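Written out below as structure tokens is the structure these notes cover.
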């Protein structure tokens, strides 16, 4: 399905995500100027559906988990149309929205471990018609504070809904230190992208990522190493 694997560290997709994650890690490690709050909370979104934001979220999380000194929590925050578990062949499970509804439910009880040692998943949980309000609640703010600060080496990657057809991503963006906006090459209208970026203009760091291009600059030089 095109996802990278720790068992193939020199695959082209692995090298592409090494390039993508490096500026994010600079901010997480506090080496940017000025340093930012919650830089370890990274939201991946897009303007419109179908641009590849879940593909990017999963691969980014796996790539970050390959760092020697980081652990990663991948949150399926596309609460209206969650797809992370389905992409990974996992059954539906309680998760984010259930925690926000039931204060007695512990985060540790719904986290899903993976066969990648330093990668854990928080599912979206049971669908709820008031998802936007739940994500904007004090309970969500407390949860994110816990996720961001409990472990000093943790990076939290959120697979969020597209910005234009939903309100959930706009709420989530207010909590984030960094936002990655996936743009589908030769398909996403510039007007749509501009509108989407305007909804998150208050975010400290917004990084566009061009996806589904016909020829990658990485690919042009990839033959220097070749696959291993």
Open item on the list: On a full-extension model of 0.36 nm per residue, what is the gain between residue 126 and residue 138, subtracting their alpha-carbon distance, rounded to one decimal in nm?
Closed with: 2.4 nm
Open item on the list: Taking 0.36 nm per residue of sequence separation and subtracting the Cα-Cα distance, how much length would be gained by fully extending the chain between residue 101 and residue 198, in nm to one decimal?
Closed with: 31.9 nm
Open item on the list: Can you say what percent of the DSSP beta bridges in segment 12-213, counting only those with both residues inside, are antiparallel? Round to 5.
Closed with: 5 percent
Task: Sum of -39500 (n - 2.57) over DSSP H runs of 4+, divided by residues of the chain (222 nm, nearest 500) - done: -9500 deg cm²/dmol
Task: Burial ranking of peptide ranges 14-24, 170-180 (average Cβ count within 10 Å, highest at the top) - done: 170-180, 14-24
- [ ] Quick one: Debye curve from the alpha-carbon atoms of the chain only, equal weights, vacuum; give me log10 I(q)/I(0) at q = 0.08 Å⁻¹ to two decimals.
- [x] -0.27
Open item on the list: Relative to 2.2 N^0.38 Å, what does the C-alpha radius of gyration of segment 1-124 come to as a ratio? Two decimals please.
Closed with: 1.10
TODO: Report the label-to-label distance for residue 90 and residue 167 in nanometres (one decimal), using points 7 Å from each Cα along the Cα→Cβ vector.
DONE: 2.9 nm
Open item on the list: Taking 0.36 nm per residue of sequence separation and subtracting the Cα-Cα distance, how much length would be gained by fully extending the chain between residue 153 and residue 1, in nm to one decimal?
Closed with: 51.8 nm
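Read-outs throughout are calculated quantities, based only on the coordinates presented, and are distinct from any laboratory measurement. This structure is a prediction, so every number in the text was calculated from the model and none was measured. Every residue, glycine as well, gets a Cβ built from its backbone with ideal geometry; the counts of neighbours run over all protein chains shown.
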